[in-house]
Amino acid sequence: MNPRQILGQIGLWLSVFVIVSPAILFFLWMASLSLKFEIDNASYPPVFFPEHIAWKNYADVFASNRFLTYFTNSLVVTGCATALAMLVGVPAGYGIARMAAHKSAIVILIARITPGLSYLIPLFLLFQWLGLLGTLVPQIIIHLVVTVPIVIWIMIGYFETTPLELEEAALIDGATRWQVFRHVALPIARPGLAVAFILAVIFSWNNFVFGIVLAGRETRTLPVAVYNMISFDQLSWGPLAAAALIVTAPVLLLTVLAQRQIVAGLTAGAVKGG
Amino acid sequence: MSVVTQASPAATEDVAPAREWRPPSYWPFVIPALVVVLAVIVFPWVFTIWMSLQEWKVGSPTVFVGLANYLRLPTDPRFVEAVGHTLSYTALSVLLPLVFGTLAAVVFHQKFAARGFLRGIFIMPMMATPVAIALVWTMMFHPQLGVLNYLLSLVGLPPQLWVFNPTTVIPSLVLVETWQWTPLVMLIVLGGLAAIPTEPYESAQIDGANFWQVFRFITLPLIMPFLFIAGMIRMIDAVKSFDIIFAITQGGPGSASETINVYLYSVAFVYYDLGYGSAIAVVFFLLIVALAALLLYLRKRLLWTSELGGEA
């Protein structure tokens, strides 16, 4: 390596460091906040590595019996909303791709542009009228606003790139369309299914706006529960940061583990819910 | 374009004359999703438009009032103010991520060790739960105990009030929004960089162009279309931004960071004025569409000049 190349390498790593550090430092600081006792969190200048680590903050969060309820709520809402979206969205993506019905994508586009709150007003009234408020059903249904467009959008893109020859051969051999979809198209599109699933899970898990309107005391999802903690105890930063980290940890883990799929999905559709 | 769906009856008869031919249909695949989309997307839209024409408050009878809700908007100082906040918030939240995202994409386009892993770290802010990160930013913004004022003091700058001061609240929130969404711009521009052919770079190297010249005259024009896509998506998301603003300031201090979306929340779910809230929702949607149309128009104007330089 000549000096010029070495200089280039140093410059490159320096810029990589500068670019990645806001993300790294933020999440490290979040972890630091969550592991400190109040005395360290309230000290100035701030302490980065505490002398005593407050694992108690995490224990406190898990020990509160409400937390388990909210965790289960999040799991049920995200699980059901994603499963339903895959169930209806994957075949729809296939049908739209094969019919080349590109105009139908406009509906998806409108859904992408519409602010989440505008769905809430009419659906809130509908759920109230049906007497469903107080259960998790309204949240599951309204999360479909987020998950269904993501799944359809990503699956259209995938099915448009899968080869038609195999499907045609199977049709000529007498397979029904459903059989072709189930045994030929679906296995090939497995990477696309993973992308759609992961993104639907993340954006449903993260959703906040639907919960603050529709969730009652017993039906809060984790983001809403964390938000309510803010106004509740403003000054105990440790447990608050611990709760925040617990809520977002599954998503962060998924992001690092499945970064390839997530990047593929985001660059394809640049989707975001709500 | 699907060949199967376009097959003519005559051709199919040649292959299988014994079976009765029926037009191949993919409709059964689409119908369940269509039902869902009609129920949770189209129905709310139609209902919202209808509600926006009513005087509709929870607990009192509804009265048809025509366009009265819409006429009330320009005379509502809080709404007018919210439009201004939304526009300034959006302008900053589009421009800053575009600049930083492009720079980051240029770096991530180079080859270096652990690039995939570091890219995963880099996109964590946009995937993380917004409320959770808003909570930590709130702590970081704290004027006495927050880490941001400590960092400022390290470089000799005076402490700030951040989100607690009406004049700095919007830039502070934009800081969070930029931190959160620069990765999305980076990913889109990175996709654009990957599609650029190597020939222009080789000839530029022969001509002895420096790094800045290469970026300005080769890279930038070629990634322009991707920057427009990124700008469009960023605009749509920034206008609608809710979680971060609501969780950090609830529109305050006072109403200094109240955007249309936050005001819409108050009108509909704090004051339960659903008719007026629906009118805001409709106008809000039209505003987003108008901004998107404006960007498309700019794209047409600008692409025409940059495409003279080469195939984009």
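Of the residues that make up segment A:227-248, is at least one polar (S, T, N, Q), modelled with pLDDT of 90 or more and assigned to a loop (DSSP other than H, G, I, E, B)?
Quick first cut of segment A:227-248, residues polar (S, T, N, Q) only: A:228, A:231, A:234, A:236, A:248.
Still in the list and also modelled with pLDDT of 90 or more: A:248.
Narrowing the set further to residues that are assigned to a loop (DSSP other than H, G, I, E, B) leaves none.
Checked segment A:227-248: no residue is polar (S, T, N, Q), modelled with pLDDT of 90 or more and assigned to a loop (DSSP other than H, G, I, E, B).
Does residue B:75 meet the test of being of a type in the set (Ser, Thr, Tyr), exposed (fewer than 14 other Cβ atoms within 10 Å of the Cβ), away from chain A (no Cβ under 14 Å) and more than 26 Å from residue B:234 (Cβ to Cβ)? It would help to see each step written out before you state the result.
Numbers: of a type in the set (Ser, Thr, Tyr): yes; exposed (fewer than 14 other Cβ atoms within 10 Å of the Cβ): yes; away from chain A (no Cβ under 14 Å): yes; more than 26 Å from residue B:234 (Cβ to Cβ): yes.
Yes; evaluated as a whole, the condition is true for this residue.
So residue A:49 ticks every box in (1) exposed (fewer than 15 other Cβ atoms within 10 Å of the Cβ); (2) among the aromatic types (Phe, Trp, Tyr); (3) touching a residue at least 24 places away in the same chain (Cβ under 8 Å) but one. Which box is left unticked?
Unmet condition: (3).
Results for (1) more than 9 Å from every other protein chain (Cβ to nearest Cβ); (2) modelled with pLDDT under 90; (3) crowded, with 18+ Cβ neighbours inside 10 Å, shown as yes or no for each residue.
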site	(1), (2), (3)
B:155	yes, no, no
B:190	no, no, yes
B:197	yes, yes, no
B:218	yes, yes, yes
B:236	no, no, yes
B:240	no, no, yes
B:244	yes, no, yes
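Output the residues belonging to segment B:42-95 that are assigned to a helix (DSSP H, G or I), touching an Asp or Glu at 6+ places or on another chain (Cβ under 6 Å) and free of Cβ contacts under 8 Å to residues at least 60 places away in the same chain.
Within segment B:42-95, no residue meets the criteria.
Could you check segment A:42-140 for helices (runs of 4 or more DSSP H) lying wholly inside it with 2 or more residues that are away from every other protein chain (no Cβ under 12 Å) and under 26 Å from residue A:243 (Cβ atoms)?
A:56-63, A:65-99
Do any residues in segment B:120-146 that are at the interface with chain A (Cβ under 7 Å from one of its Cβ atoms) and more than 20 Å from residue B:251 (Cα to Cα) have Cβ atoms under 9 Å from those of residues that are among the basic types (Lys, Arg) and in a helix (DSSP H, G or I), where the two are at least six apart or on different chains, and which pairs are they?
B:120/A:260
Quick one: in segment B:163-183, of everything that is of a type in the set (A, V, I, L, M) and either more than 14 Å from chain A (Cβ to nearest Cβ) or in contact with a Phe, Trp or Tyr (Cβ under 7 Å, 6 or more places away or on another chain) (or both), which residue is surrounded by the fewest Cβ atoms within 10 Å (Cβ to Cβ)? Reasoning before the result, please.
Residues of segment B:163-183 of a type in the set (A, V, I, L, M): B:163, B:169-170, B:173-176.
Of the ones still in play, those that are also either more than 14 Å from chain A (Cβ to nearest Cβ) or in contact with a Phe, Trp or Tyr (Cβ under 7 Å, 6 or more places away or on another chain) (or both) are B:163, B:169-170, B:173-174, B:176.
Working: B:163: 26, B:169: 25, B:170: 20, B:173: 26, B:174: 23, B:176: 25.
Checked segment B:163-183; the qualifying residue surrounded by the fewest Cβ atoms within 10 Å (Cβ to Cβ) is B:170.
Yes/no per residue for (1) basic (Lys, Arg); (2) surrounded by fewer than 20 Cβ atoms within 10 Å (Cβ to Cβ); (3) in a helix (DSSP H, G or I):
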| residue | (1), (2), (3) |
| --- | --- |
| A:181 | no, no, yes |
| A:187 | no, yes, yes |
| A:197 | no, no, yes |
| A:203 | no, no, yes |
| A:211 | no, no, yes |
| A:220 | yes, no, no |
| A:223 | no, no, yes |
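With (1) under 27 Å from residue B:84 (Cα atoms); (2) touching a residue at least 24 places away in the same chain (Cβ under 8 Å); (3) more than 8 Å from every other protein chain (Cβ to nearest Cβ); (4) crowded, with 17+ Cβ neighbours inside 10 Å as the list, and residue B:160 as the residue in question, which single condition is left unmet?
(2)
Find the helices (runs of 4 or more DSSP H) located wholly in segment B:215-289 whose residues include 2 or more that are within 22 Å of residue A:124 (Cα to Cα) and over 18 Å from the mean Cα position of the chain (by Cα), and list them.
Values: elements: B:220-240, B:243-248, B:260-269.
It comes to B:260-269.
Keeping to segment A:171-228, report how many residues are under 17 Å from the mean Cα position of the chain (by Cα) and of a type in the set (S, T, N, Q).
Residues that pass the stated criteria total 4.
Only one of (1) closer than 15 Å to residue A:23 by Cβ; (2) at the interface with chain A (Cβ under 9 Å from one of its Cβ atoms); (3) free of Cβ contacts under 8 Å to residues at least 40 places away in the same chain is not met by residue B:112, so which one is it?
Tallying (1) closer than 15 Å to residue A:23 by Cβ; (2) at the interface with chain A (Cβ under 9 Å from one of its Cβ atoms); (3) free of Cβ contacts under 8 Å to residues at least 40 places away in the same chain, residue B:112 fails exactly one: (1).
Here is a yes/no grid of residues against (1) free of Cβ contacts under 8 Å to residues at least 12 places away in the same chain; (2) within 30 Å of residue A:168 (Cβ to Cβ); (3) crowded, with 22+ Cβ neighbours inside 10 Å:
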| residue | (1), (2), (3) |
| --- | --- |
| A:92 | no, yes, yes |
| A:99 | yes, yes, no |
| A:102 | yes, yes, no |
| A:114 | yes, no, yes |
| A:129 | yes, no, no |
| A:144 | no, no, yes |
| A:148 | no, yes, yes |
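Within the bounds of segment B:89-96, is there any residue that is within 14 Å of chain A (Cβ to nearest Cβ), farther than 29 Å from residue A:107 by Cα and surrounded by 15 or more Cβ atoms within 10 Å (Cβ to Cβ)?
Within segment B:89-96, one or more residues are within 14 Å of chain A (Cβ to nearest Cβ), farther than 29 Å from residue A:107 by Cα and surrounded by 15 or more Cβ atoms within 10 Å (Cβ to Cβ).
The values are calculated or read from the model by the stated rules, or taken from the named source; none is laboratory data. Everything quoted here is computed from the prediction, not taken from an experiment. Every residue, glycine among them, receives a Cβ derived from its backbone with ideal geometry; neighbour counts consider all protein chains shown.
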